[in-house]
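For reference, the structure discussed in these notes is given below.
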Amino acid sequence: MLNGRLLLPLDLLAEALFGDQPVRSIYEHCTKIIGQGQERLQSLSRPTNGNALSNLPDGWSEIIKKGGNLAALSMSSVAAGNRKIPILLQVGSADEHTFVTLMHESLDAAIDEGQSRLATNPDGLKFQGLIYDAYANLPSGRSDALVLELRRYQPEAHSLILFFPYRPANHPNGFALYAPWLKDGSLTADQYPALAEALYRGLDSFKLDDFSWQAKEGADHPSPAKDPVLPRDIAIQLRQSPNLARELHIKMPNWAKHDELRPLFDSTDALLLEGRVVWGVIVQANNLLRKPGAEPGLPGEVIYDPQGQLPTETLRDIARKLHMLHDPEDSDLRAISEHLANGYSRAFGLTVPTPFSPVPLKLSTTYFERKQLPGKKLSDAVLPILISDAHPGCIIPLPARFWPAVLLAKWTDTVASPLPNGTSTKRSFLRKPLPNGYAELSSGTMMFVIEYLFGAGMHGAVTMIGTIFIITGIYKILKKKQK
């Protein structure tokens, strides 16, 4: 399910199951589709001219205004330096309003309860809005933000998810507001001006002596944060502490002994003792690395600037573009595209063409050893890596013990201010796991190919039926295991 559409990659499944030499990866194809959906973020700047609210669905403008008022109320607390507790706004059929403060031992539990109420609407309400503190992944980078989820149930269903980025009160330059962003919703592009008009009317309707939205808002977008200074004395520390060097040794997994990635494992000790630190950005990695797991580590693809000239946000943007490549004409880009789509090939310093990047970049396959990652998982795409001219194309992540404190905090999402009944971590705005009893194929996106119904003849019909049997079998196996 992506942006309200059910997608099923039957053509790719058929190729993987029945093709003599399948050349496309379902995982990579689905990941690219997800990436396309993630690019639909829409900035909502303050309108300069009044826009007609009649372009919105009936009654929706008032709901958006109420949501804006709730966002401003919550942001006034954040501006004062207070920790934001999730709030649920409930509106009944007679327009009666109820504010529910969601108090739990953890922030995640409070948000989960609010989202559950939004999804199930157990009280048969006309409208609900949930607001909570989070991190939003914006084009300019990750930012502190309040997230507002709006759900309308009567007379017809509509939904919106909005980000309200801000600069925290404890920042050296003080608190600041930035333009809101539309993350997702049931409105169309021609309705966005009316959405912005209704939203800002709601934001401006809340005022305190020391807070108003218009007085606090700053630039449209947060400025990209400066990259922290990377350590340069790793080799000296390791030479002075042989025990530490042995502790950081990367053990080669059994599968790598006969894998094309073996040269990397043969050079890891040298990289630790002789390598220099530069920034890298993950282009793709095994999804299992997104949470702690039993496997000691897994491979992934990283781009980097061997000269260390580019800032991480530029690298991140290039990585995003590489990930979205599809049948490029440039031969170097085509090699990268085919490598990323393969999922099993290994790269040692593939060149990213200069027209695609302002400086020569490299792409290499690396190994993410869990014990060297904060929280034993991948929490962000940006990380420091070790490279060496003596081992071209071989790279490994810098062990987390040497990371700058600000980068460690970003990966671990540590929040200093506790919730009333305990401590919590501030969540990034990520899709929640599927509930028990549901299976997720590949990356969770399924492409329904209409050709199988109307343009592929009996072969397509037979393939579709066979695929349905396979999916059904997988589902039954998973259900049986849960019992």
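Quick notes on this structure:
- Cross-link table LYS84/LYS410; LYS251/LYS377; LYS226/LYS291; LYS84/LYS216; LYS66/LYS216, entries beyond 22 Å C-alpha to C-alpha: LYS226/LYS291
- Taking amide H as placed 1.01 Å from N in the peptide plane, GLY297 has its amide H under 5 Å from the amide H of ARG370, each at least 5 places away in sequence or on another chain.
- The residues of segment 101-164 expose, per residue, 36 Å² of accessible area to a 1.4 Å probe.
- Segment 318-414: chymotrypsin sites (Phe, Trp or Tyr not before Pro) falling in loop per DSSP and having at most 14 other Cβ within 10 Å: TYR344
- Sparse packing (at most 12 other Cβ atoms within 10 Å of the Cβ) combined with a DSSP loop state is found for the following GluC sites (Glu not before Pro) in segment 284-333: GLU329.
- Distant-in-sequence amide contacts of SER186, defined by a placed amide H-H separation under 5 Å and a gap of 5 or more residues or a different chain, comprise SER159.
- Solvent-accessible surface of segment 261-319, taken per residue with a 1.4 Å probe and all protein chains present: 40 Å².
- A cut-off of 5 Å between modelled amide H atoms, ignoring neighbours fewer than 5 places along the same chain, links ILE396 with LEU386.
- A dipole drawn for segment 82-159 from +1 and -1 charges on Cβ atoms has a positive end, and of GLN154, ILE85, ASN137 the residue lying farthest that way is ASN137.
- Take the Cα of ARG246, step 7 Å toward its Cβ, do the same at ASN287, and the gap between the two points is 4.1 nm.
- Surface composition of segment 65-124: carbon plus sulfur atoms contribute 48% of the solvent-accessible area (1.4 Å probe, protein chains only, all chains present).
- From the alpha carbon centroid of segment 131-156 to that of segment 104-126 is 15 Å.
- For LYS126, the aspartates and glutamates whose Cα falls under 18 Å of its own Cα, not counting residues fewer than eight places away in the same chain, are ASP58, GLU62, ASP95, GLU96, GLU149, GLU156.
- Extending 7 Å from Cα along the Cβ direction at ALA189 and again at LEU273 yields two label points whose distance is 5.8 nm.
The values are calculated or read from the model by the stated rules, or taken from the named source; none is laboratory data. Just so we're clear, the structure is a prediction, and the values are computed from it rather than from any experiment. Every residue, glycine as well, gets a Cβ built from its backbone with ideal geometry; the counts of neighbours run over all protein chains shown. Heads up: the accessible areas ignore ligands, DNA and RNA and are worked out on the full protein's heavy atoms, side chains in. Shrake-Rupley method; radii C 1.70, N 1.55, O 1.52, S 1.80 Å.
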